[in-house]
Amino acid sequence: MRDFLELFKEKEGEIFSQLQILNQGLAAFVEKVENDLASLSSVIHTATDIVPVGSLNGEVINISGLSGTVRGIGGFTGIGDRVSITSLDGRVIKAEIVAFQGQDAVVMAYDSLEGIGAGCPVSFPLYPRELRRSLAGGVLQVNDSWLGRVIDPTGRPLDGKGDLIPGGTPQKLHGSPPEAATRARLGPRIDLGVKAMNLFTTCRQGQRLGLFAGSGVGKSTLLGMLARNTVCDVAIISLVGERGREVREFTEDDLGPDGLKKAVVIVATSDTSALMRREAAYAALATAEYFRDQGKSVLLLMDSVTRFCQALREIGLSAGEPPATRGYPPSVFATLPRLLERAGPGPVRKDGKASGQITALFSVLVEGDDQNEPVSDAVRGILDGHVVMDREIADSGRYPAINVLKSLSRSVPGCNGLEENALVREARALLASWNDLRDLVRLGAYKAGSDPQADRAIKFGPMIEALITQNKDEGVSLKDAFQELKRLLQTPL
């Protein structure tokens, strides 16, 4: 007995230490079980909450172009409500109310209108009054199983990898931006992995940039580089009106397996209805908001805002709106800020933890290479900066074909140090001078030694252009990019 007591005293500290470790492990296990039960309860609660309590029935009385007229559901429905139409061949087609003509509702279908005729039955699900507003415009039940998947705007998988895990947090498709006065500030600098953008359009977490480019200038390739190389927790990629054959090329070649692991790709190809193309943009914002609310740094890439606006134009004209600027009805330019403002910093969290951020890059397909066409002009005025891709630069063989002299980030110079700002100013000045002098140099009309600043530009201009040239499989950090620029500008003449 005495030997046992002496042994216990010798091992007392070690025994209590082991007991403490066991206690901590048990506490962590209990916490995990409680969290899992809470998540399961939330899924069950959500599933039971959104069950309709009845339905309202009407019928199609007219079909014209892309829209139809429904009678019998007026007075109980509003703009954005979704109805189900049973076609003559028995298909159930989802449609959305886009306008009213007296008591009759004008609807557009999410699928083809083939098989729908006068007299086809229409049903509208009725929900409790307290859920009516929250479900208006549709919801997506998002969860973490969406990562690494390619889906359509309704949450249906398109990659052949099986169904998504059901349930999740309901996210409103047509949600509202956070209140301006309670929104967090922009976060620290974010590393985009692309030298030209890291140096000349330095971006902060929660910033929104526009990527302006004509067709065939390398826009999709640049978006793939950003998705792979940007330092973020999650990447949400929305392909609005994309060519069907390019979806696999983008996900497998431009994005790659490593980029896809942390990404959700939402696709509505060019052959889908205008409503589906519009919803691809809204679904991307709703998914990004889900991960943002978890406190994560989210990268949102949308290609392209122009096709989103074209879908809005089809919807507006079908609803009877008059065409205005270049055929776009006024509602297009009213809808744009409501979509784009949803990206950015999240609301300030009451628990004191850091707010999540949605850093967004919206590509704009510039029609006719006109940087002042209506969509480009409207988007540029809303966002926090613009990156311009130039066809002449692409033709010269420099990729990514970013015209750094026409590109701007509104968070610079506030997010860079004094030395970094000085380097960027000097590099911009040298590139501008070289851009003015290059034709004279080629013609032999410039005499070396005539102007010291011109001599410096003639030497360093081509070197800076070579510096910002980058292969699509190459990633360069923010720190390394500034170090390379500093070494280059310190090279003696």
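Structure values in brief
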read-out	value
Scope region 201-225; condition over 22 Å from GLY368 (Cβ atoms) and open to solvent by less than 10 Å² (accessible area, probe 1.4 Å); matching residues	THR201, THR202, CYS203, GLY206, GLN207, LEU209, GLY224, MET225
Which listed residue, of SER238, SER273, is more than 15 Å from the chain's Cα centre (by Cα) and among the small types (Gly, Ala, Ser)	SER273
Region 450-478: number of residues that are touching a residue at least 12 places away in the same chain (Cβ under 8 Å) and among the charged types (D, E, K, R)	5
Qualifying positions in region 185-200 - open to solvent by 20 Å² or more (accessible area, probe 1.4 Å) and assigned to a loop (DSSP other than H, G, I, E, B)	ARG185, LEU186, PRO188, ASP191
Output for region 458-471, where each listed residue is within 38 Å of the chain's Cα centre (by Cα), of a type outside the set (Val, Ile, Thr) and not in a loop (DSSP other than H, G, I, E, B)	PHE460, GLY461, PRO462, MET463, GLU465, ALA466, LEU467
Subset of region 62-78 (residues that are closer than 24 Å to PRO52 by Cα, at pLDDT 90 or above and surrounded by fewer than 17 Cβ atoms within 10 Å (Cβ to Cβ))	ARG71
GLU321 being among the acidic types (Asp, Glu) and either over 22 Å from CYS203 (Cβ atoms) or assigned to a strand (DSSP E or B) (or both)	yes
Members of region 310-338 found to be within 19 Å of the chain's Cα centre (by Cα), within 16 Å of VAL240 (Cα to Cα) and charged (D, E, K, R), listed by number	none
Single match in LEU285, LEU301 (criterion: buried (at least 24 other Cβ atoms within 10 Å of the Cβ) and part of a strand (DSSP E or B))	LEU301
Residues (open to solvent by 20 Å² or more (accessible area, probe 1.4 Å) and assigned to a strand (DSSP E or B)) located in region 346-385	PRO347, LEU365
Members of region 350-375 that are of a type outside the set (A, V, I, L, M), at pLDDT below 95 and under 17 Å from the mean Cα position of the chain (by Cα)	GLY356
Among (1) part of a helix (DSSP H, G or I); (2) touching a Phe, Trp or Tyr at 6+ places or on another chain (Cβ under 8 Å); (3) at pLDDT below 95; (4) open to solvent by less than 70 Å² (accessible area, probe 1.4 Å), the one test that ALA394 misses	(2)
Restricting region 122-161 to residues that are among the aromatic types (Phe, Trp, Tyr) and either outside any strand (DSSP E or B) or modelled with pLDDT under 90 (or both), the residue that is nearest to TYR290 (Cα to Cα)	TRP146
Residue match in region 434-442 (condition: open to solvent by 60 Å² or more (accessible area, probe 1.4 Å), over 27 Å from LEU211 (Cα atoms), of a type in the set (A, V, I, L, M) and in a loop (DSSP other than H, G, I, E, B))	no
Candidate set: region 331-342, residues that are touching a Gly at 6+ places or on another chain (Cβ under 8 Å) and of a type outside the set (Lys, Arg); chosen: the one least open to solvent (accessible area, probe 1.4 Å)	VAL332
Residue, farthest from the chain's Cα centre (by Cα), within region 146-182, restricted to residues that are open to solvent by 50 Å² or more (accessible area, probe 1.4 Å) and among the basic types (Lys, Arg)	LYS161
Some residue of region 176-188 being in contact with a helix residue (DSSP H, G or I) (Cβ under 8 Å, 6 or more places away or on another chain) and closer than 29 Å to VAL388 by Cα	yes
Residue in region 110-121 that is closer than 25 Å to LEU312 by Cβ, open to solvent by less than 30 Å² (accessible area, probe 1.4 Å) and in a strand (DSSP E or B) present	no
Single residue of VAL388, VAL424, VAL412 found to be outside any helix (DSSP H, G or I), modelled with pLDDT of 95 or more and either among the hydrophobic types (A, V, I, L, M, F, W, C) or more than 30 Å from LEU255 (Cα to Cα) (or both)	VAL388
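The values are calculated or read from the model by the stated rules, or taken from the named source; none is laboratory data. Note that this is a predicted model, so its numbers are computed, not measured. Neighbour counts are summed over all protein chains in view; Cβ atoms, including those assigned to glycine, are modelled from backbone coordinates with ideal geometry. Note: accessible area is taken over every heavy atom of the protein model, side chains too, but ligands, DNA and RNA are not part of it. Shrake-Rupley method; radii C 1.70, N 1.55, O 1.52, S 1.80 Å.
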